[in-house]
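The values are calculated or read from the model by the stated rules, or taken from the named source; none is laboratory data. All of these numbers come straight from a predicted model, not from anything done at the bench. Neighbour counts are summed over all protein chains in view; Cβ atoms, including those assigned to glycine, are modelled from backbone coordinates with ideal geometry. Remember, those area values only see protein heavy atoms, side chains included, never the ligands or the DNA or RNA. Shrake-Rupley method; radii C 1.70, N 1.55, O 1.52, S 1.80 Å.
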Amino acid sequence: MQNITGKNDADRGSALGDSLPAVAGAAVGVGGVGAALALGDVASPLRAPFALFFLLAAPACAVAVALRGLDPLGRWVAAAGGAVAIDLLIAQAMLALHIWSVTGGIVAVAAVSLILFALPLLAHARHHRDRAARSRTS
């Protein structure tokens, strides 16, 4: 079916799929800059929005990787809720322990996100290693 621009919906979907790596790279860059600005205590008008983007995007992407089996919409809704929950739990723990700091919060969110991101990847690598070992022995 053609849309207003005269392109087919399939053409639009493939163009969107082609630009997805560029959008993901830009998101990683914005999140990295936000974390760097917050950790470096740089006075910049971009510090707050970029750091907030990092605080939401890093755990959301990590949770989304862990929920690979869900359909895309459900995965991203659950990932957004998980990101907010992770941020709130880290903030609550830091406040309860009287160790609240912006840099500590950024580091804690980055550490939890890295762990959540690495666990499914390690399980996937272990599965492929075991599968390769079984195919060699049979």
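A DSSP coil position with no more than 14 other Cβ atoms inside 10 Å describes the following chymotrypsin sites (Phe, Trp or Tyr not before Pro) in segment 42-100: 100.
Using a/c under 1.5 as the rounded threshold, could you call segment 32-82 rounded, prolate or oblate? The axes a ≥ b ≥ c are square roots of the C-alpha gyration tensor eigenvalues, and prolate needs a/b larger than b/c, oblate otherwise. Prolate, since a/c reaches 1.5 and a/b exceeds b/c. Taking the accessible area of the chain, probe 1.4 Å, and keeping the other protein chains in place, the carbon and sulfur fraction comes to 72%. Mean separation of Cα pairs under 8 Å and 6 or more residues apart, divided by the residue count, gives segment 27-80 a relative contact order of 30 percent.
Over the chain, all Cα pairs binned in 5 Å intervals from 0 give whole-percent P(r) values of 2, 9, 13, 16, 16, 13, 10, 8, 6, 4, 2, 1, 0, listed from short to long.
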